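*Asks:* Structure below; questions to follow.
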Amino acid sequence: MRRWFEAIGDASYSLYLVHYALFVAIAAILRPIVDLHRIPPIVYFVLLVCSAIAAALASYYFFEAPVTRALQRSLARLFRTRSVAPLRST
């Protein structure tokens, strides 16, 4: 259970970014199929929360984490190859 909470914590920024657009998209998809007022609120809430967490985890593991690792490698190479001149004392 702890690993799930850590994964959600790692993906929290992705969750922040995707949740609103996902909620709007789910409502737009469901509206022609079913009357949203007939869905019990707890069922709709669980659907929204679970789908937002799933989308955030996917976004984090397939986009955010790989891009972050690539940028870290690029920056490490950049600073490893660059020589820094010592400061001159005046």
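*Asks:* Scan the stretch 32-72 for residues that are outside any loop (DSSP other than H, G, I, E, B) and β-branched (Val, Ile, Thr) and jot them down.
*Replies:* Scanning the stretch 32-72 gives Ile42, Val43, Val46, Val49, Ile53, Val67, Thr68.
*Asks:* Within the group Leu30, Leu47, which residue is under 22 Å from the mean Cα position of the chain (by Cα), surrounded by 10 or more Cβ atoms within 10 Å (Cβ to Cβ) and not β-branched (Val, Ile, Thr)?
*Replies:* It is Leu47.
Coordinate-derived values only; no laboratory data. From a predicted model like this one, the values you see are computed outputs, not experimental measurements. Cβ coordinates were reconstructed from backbone atoms using ideal geometry, including for glycine residues, and neighbour counts include every protein chain displayed.
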